[in-house]
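Chemist: Quick one: this structure, given as structure tokens, is what I'll be asking you about.
The values are calculated or read from the model by the stated rules, or taken from the named source; none is laboratory data. Keep in mind that this is a model prediction, so the values were computed, not measured. Glycine gets a Cβ as well: all are built from the backbone with ideal geometry, and neighbour counts include every protein chain shown.
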Amino acid sequence: MEKFIFLNKKLSKGFTLIELLIVIAVIGVLAAVILVAIDPVEQLARGRDAGRKSAVTSVGRAMQAYYTNNSLYPTTAQWTASNETNVLVLSGDIKVIPTQTTNPIPPTACTGGSVINNFCYKVNAVIGAENIVVYTRVESKSEREKGPCTVLAQDAWLVYASIDGRAGIVCIPAGAEPNATTSYDGGYY
């Protein structure tokens, strides 16, 4: 058997600093590409919008249940009462009024109605045409860009309209707001 003699050679174990830096750089680039592709801010906004859809629908259905039992909708004053004295909570039609802490409705976006927890409630109390709307703003780009909401001159709202008996996303010209006298049927997305 031959003997191998290594003169002035070290056996190295592990990676060189350059190799480690290259691997870290490649991982960093991949992570950046993935973050841009999934857009975490948009994903969070979608999640909040899903909660808003559920809340608007729940409140709208509670309003309908209240109307069925009492033959009239709650007044805006009854709507703005606290959770303990809110007419929907007292009647058992809803357990608590939903809360929404982001994407507030500007005070000018609920003309003729009342706002509680960033949800606007309006009643059209014309005799024989009692209708309500409950609405809030859409936050995510994906919800906003549905249907004709791609037009920049339009605002997107999550609306429950009793006249249609359902909730959905409605596109309305900028500066306008949902109202209880309009049917949005055909305008939901």
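Chemist: I'd like the residue in segment 152-181 that is closer than 17 Å to residue 56 by Cα and of a type in the set (Ser, Thr, Tyr) and, out of all such residues, is surrounded by the most Cβ atoms within 10 Å (Cβ to Cβ).
Modeler: My answer is 160.
Chemist: So, one more: Condition first: among the hydrophobic types (A, V, I, L, M, F, W, C), in a helix (DSSP H, G or I) and in contact with a helix residue (DSSP H, G or I) (Cβ under 7 Å, 6 or more places away or on another chain). Can you find one or more residues in segment 87-99 that meet it?
Modeler: Yes; the residues of segment 87-99 include at least one that is among the hydrophobic types (A, V, I, L, M, F, W, C), in a helix (DSSP H, G or I) and in contact with a helix residue (DSSP H, G or I) (Cβ under 7 Å, 6 or more places away or on another chain).
Chemist: Exactly one condition in (1) among the small types (Gly, Ala, Ser); (2) assigned to a helix (DSSP H, G or I); (3) surrounded by 13 or more Cβ atoms within 10 Å (Cβ to Cβ) is not met by residue 81; state its number.
Modeler: (2)
Chemist: Scanning for something in contact with a strand residue (DSSP E or B) (Cβ under 8 Å, 6 or more places away or on another chain) and at pLDDT 85 or above, does segment 102-110 turn up at least one residue?
Modeler: Yes, that holds for at least one residue.
Chemist: Looking at segment 127-140, which of its residues are touching a residue at least 12 places away in the same chain (Cβ under 8 Å) and more than 20 Å from the chain's Cα centre (by Cα)?
Modeler: 129, 130, 131, 132
Chemist: Give me the pairs: first residue in segment 170-189 and under 18 Å from residue 108 (Cα atoms) and part of a loop (DSSP other than H, G, I, E, B), second residue basic (Lys, Arg) and at pLDDT 85 or above, beta-carbon distance under 6 Å, and six or more apart or on different chains, which are they?
Modeler: Going by the 6 Å Cβ cut-off, the qualifying pairs are 180/122.
Chemist: Hey, another quick one. Taking the conditions exactly as written (over 22 Å from residue 185 (Cα atoms), among the basic types (Lys, Arg) and assigned to a helix (DSSP H, G or I)), does residue 48 satisfy them or not?
Modeler: Judged against the criteria, residue 48 is a match.
Chemist: Another question about this same structure. Of the residues that make up segment 113-135, is at least one among the small types (Gly, Ala, Ser) and under 24 Å from residue 48 (Cα atoms)?
Modeler: Yes: one or more hits.
Chemist: Any residue at all in segment 107-130 that's β-branched (Val, Ile, Thr), assigned to a loop (DSSP other than H, G, I, E, B) and surrounded by 15 or more Cβ atoms within 10 Å (Cβ to Cβ)?
Modeler: Taking every residue of segment 107-130 in turn, none turns out to be β-branched (Val, Ile, Thr), assigned to a loop (DSSP other than H, G, I, E, B) and surrounded by 15 or more Cβ atoms within 10 Å (Cβ to Cβ).
Chemist: When you scan segment 148-156, do you find a residue that is without any contact (Cβ under 8 Å) to a residue 24 or more places away in the chain, among the aliphatic types (A, V, I, L, M) and in contact with a Cys (Cβ under 6 Å, 6 or more places away or on another chain), even just one?
Modeler: yes
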